[in-house]
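Asker: The structure is given below, and queries will be raised subsequently.
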Amino acid sequence: MQTNCPSTFISREIEGGISSRLRKRARRWAVQAATGFALAAAIPAYAQAPNTPPKPPQSAATGGSSAAVPSFWDPRRRPEKPDTTRVTLIRFVTEVDYPPFDYAGADGNPAGFNVDLARLICDELKIPCTMQMRRFDTMVDSLNDNRSDAVIASIAVTAETRQRVDFSDPYYRPAGRFVGRKQAVIANTYPEQLEGRKIGVVQGTSHDEYARTIFTEADVRRYATTDLLRAALKSGEIDLIFSDAFASAFWLNGTESGGCCVFVGGPLLESRLFGEGVGIAVKRGNDTLRNAFNWALFRLWEKGKFAELWLRYFPVSPY
């Protein structure tokens, strides 16, 4: 079970449903994404919208091409490297089963995007690191009990999680996206254009809440698991699925999809449901390590190494 999926994690943070203001904002963003407009209002001014990403630095990582790799770093705000001479080891922990971000490799060792990013960070900082896999619900406690130093496990940055830990700058932004069958082309995902369409969601997630709130004229159908949801799409039981953009990109690029389906419309970003971003968690007050991660992440982006890693895991862009 993907216990650390940003969508299901965030859905537990929301109390009392979505405000009328959020409904209006989310509906406006849904229209913007359907027509391909940049979602500039949804992200900080320095972070360009993922559906119109800047070109990454020219390097061997991209072969000088204009790859669609999102950037959440402001080139004008260059972080300074803190004094890390007293940091002799960084003990990372990550989740057990949330591919492609965290999972056990063929040899049983930790693998995935987050794990490889942590290795790059350690190389950049020139500090030895260890990586342990833990259940998602135990990782923050291990951090606060000094049994680990950093959590890199797709924990969404929210007001509630900030009360328990501090975060590095975000290195990706959760989003929701529609997926449909190739042979059943749907022109756009305007809420009014999806009237009567059968939209599948995994019940209890933030994508479930978003779809039932914004796409009120659609026939939103709720499924217990992601596997059941995708099977319903492939069989034609539903017209679209609405779910986590990253998990969908991983599925579309893999063999399990059988080349059946494609993204429909653009990414939908809503910080109150999908989170403000995903960063590396450290114990509250550990500014040395937090700032060290910020410096290393910026350097990896500047050198093109982040772009290389991104394209290796996401040749089908989540954005």
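Asker: Filter segment 198-213 for residues that are modelled with pLDDT under 95 and either basic (Lys, Arg) or surrounded by fewer than 21 Cβ atoms within 10 Å (Cβ to Cβ) (or both) and give the result.
Answerer: GLY204, GLU209, ARG212, THR213
Asker: Still on this model: Among what's in segment 272-319 and is of a type in the set (S, T, N, Q) and either assigned to a loop (DSSP other than H, G, I, E, B) or surrounded by fewer than 19 Cβ atoms within 10 Å (Cβ to Cβ) (or both), pick the residue that is nearest to the chain's Cα centre (by Cα).
Answerer: Ranking the candidates gives SER317 first.
Asker: Considering only segment 119-134, I want to know if a residue exists there that is basic (Lys, Arg), closer than 23 Å to LEU311 by Cα and not in a loop (DSSP other than H, G, I, E, B).
Answerer: Among the residues of segment 119-134, at least one is basic (Lys, Arg), closer than 23 Å to LEU311 by Cα and not in a loop (DSSP other than H, G, I, E, B), which makes the answer yes.
Asker: Let me ask you something else. Do we find a residue being surrounded by 14 or more Cβ atoms within 10 Å (Cβ to Cβ), hydrophobic (A, V, I, L, M, F, W, C), in contact (Cβ under 8 Å) with a residue 60 or more places away in the chain and over 21 Å from ASP244 (Cα atoms) anywhere in segment 157-168?
Answerer: Yes, segment 157-168 has at least one match.
Asker: Quick one: which of ARG147, ARG77 is assigned to a loop (DSSP other than H, G, I, E, B), out of contact with any helix residue (DSSP H, G or I) (no Cβ under 7 Å at 6 or more places or on another chain) and farther than 16 Å from GLY279 by Cβ?
Answerer: On inspection, the qualifying residue turns out to be ARG147.
Asker: Identify all residues within segment 217-275 that are hydrophobic (A, V, I, L, M, F, W, C) and closer than 17 Å to PRO315 by Cβ; write none if there are none.
Answerer: Result: ALA245, PHE246, ALA247, ALA249, PHE250, TRP251, LEU252, CYS261, VAL262, PHE263.
Asker: In the list VAL185, VAL179, which residue meets the criterion of being out of contact with any Leu (no Cβ under 6 Å at 6 or more places or on another chain), closer than 30 Å to SER235 by Cβ and at pLDDT 95 or above? If you could, list the steps in order and put the result at the bottom.
Answerer: Values: VAL185 fails: at pLDDT 95 or above.
Testing whether each residue is out of contact with any Leu (no Cβ under 6 Å at 6 or more places or on another chain), closer than 30 Å to SER235 by Cβ and at pLDDT 95 or above leaves just VAL179.
Asker: So, in segment 220-243, exactly how many residues are touching a helix residue (DSSP H, G or I) at 6+ places or on another chain (Cβ under 8 Å) and not in a loop (DSSP other than H, G, I, E, B)?
Answerer: The total comes to 10.
Asker: Can I ask one more? Listed residues VAL165, VAL140; which is under 20 Å from GLY285 (Cα atoms), in contact with a strand residue (DSSP E or B) (Cβ under 9 Å, 6 or more places away or on another chain) and at pLDDT 95 or above? If you could, list the steps in order and put the result at the bottom.
Answerer: Details: VAL140 fails: at pLDDT 95 or above.
After ruling out the rest, the residue left standing is VAL165.
The values are calculated or read from the model by the stated rules, or taken from the named source; none is laboratory data. Note that the coordinates shown come from a computational prediction; the quantities given were computed from them, not determined experimentally. Every residue, glycine among them, receives a Cβ derived from its backbone with ideal geometry; neighbour counts consider all protein chains shown.
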